[in-house]
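The values are calculated or read from the model by the stated rules, or taken from the named source; none is laboratory data. Keep in mind that this is a model prediction, so the values were computed, not measured. Cβ sites come from the backbone with ideal geometry, for glycine too, and all protein chains shown count toward neighbours.
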Amino acid sequence: MSHAARALRSFVFAALTFATLPAGAQRMNPCQPPRPPPTPPVSLVVATPPADACPTGDCVAHDLSTQDECAMFERSATGDGRWAAGLSRAVDRALFRERGSVGWTVSAYRIRWSNGAWSDWYVAGVNDLDHKFNPGANTMRRMWSYFADHEHQALACRPRM
């Protein structure tokens, strides 16, 4: 077997072995401790620089006043069964009421189960299909259907007023 063929076989073996390792064992630096899973920020505060902050004139004026307002909310069960109404992504804009208004879009969320443990983070429309279904109607639903009867945390945004 040629040197190139042996090298290729070794590379393929190493790649296949690496791919079957648990995610924590795939770190490139085994001396570095594992990082905790990312948590969305509690809130986003943007400060506008003073007008004279650019003495050279070689600066970009940042106007973030049109950027959505985003915040992290921790809420108790809502008691509203409409959260289980199918797969529509518009449900959150109609039902998620915070700061006296609706129109919030839920970006990410997690649920506190009955045993007190928190679920992993779900991203709305990405990884949040429930493996259970709506009985009777036999329709699919999103994991936020548990907002009706479980405590939950949500990162939600709305257009600035």
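Odds and ends about this structure:
- Residue check for L87: assigned to a loop (DSSP other than H, G, I, E, B), surrounded by 13 or more Cβ atoms within 10 Å (Cβ to Cβ) and within 18 Å of the chain's Cα centre (by Cα): yes
- For the range 104-155, taking the residues that are part of a loop (DSSP other than H, G, I, E, B) and of a type in the set (K, R), the one that is modelled with the highest pLDDT is identified as R141.
- Every pair of residues 6+ apart whose Cβ atoms lie under 7 Å, when the first sits in the range 95-114 and is closer than 17 Å to N127 by Cβ while the second is part of a helix (DSSP H, G or I) and among the aliphatic types (A, V, I, L, M): I111/M143
- Taken over the range 90-103, residues that are crowded, with 18+ Cβ neighbours inside 10 Å and either hydroxyl-bearing (S, T, Y) or outside any loop (DSSP other than H, G, I, E, B) (or both) amount to 3.
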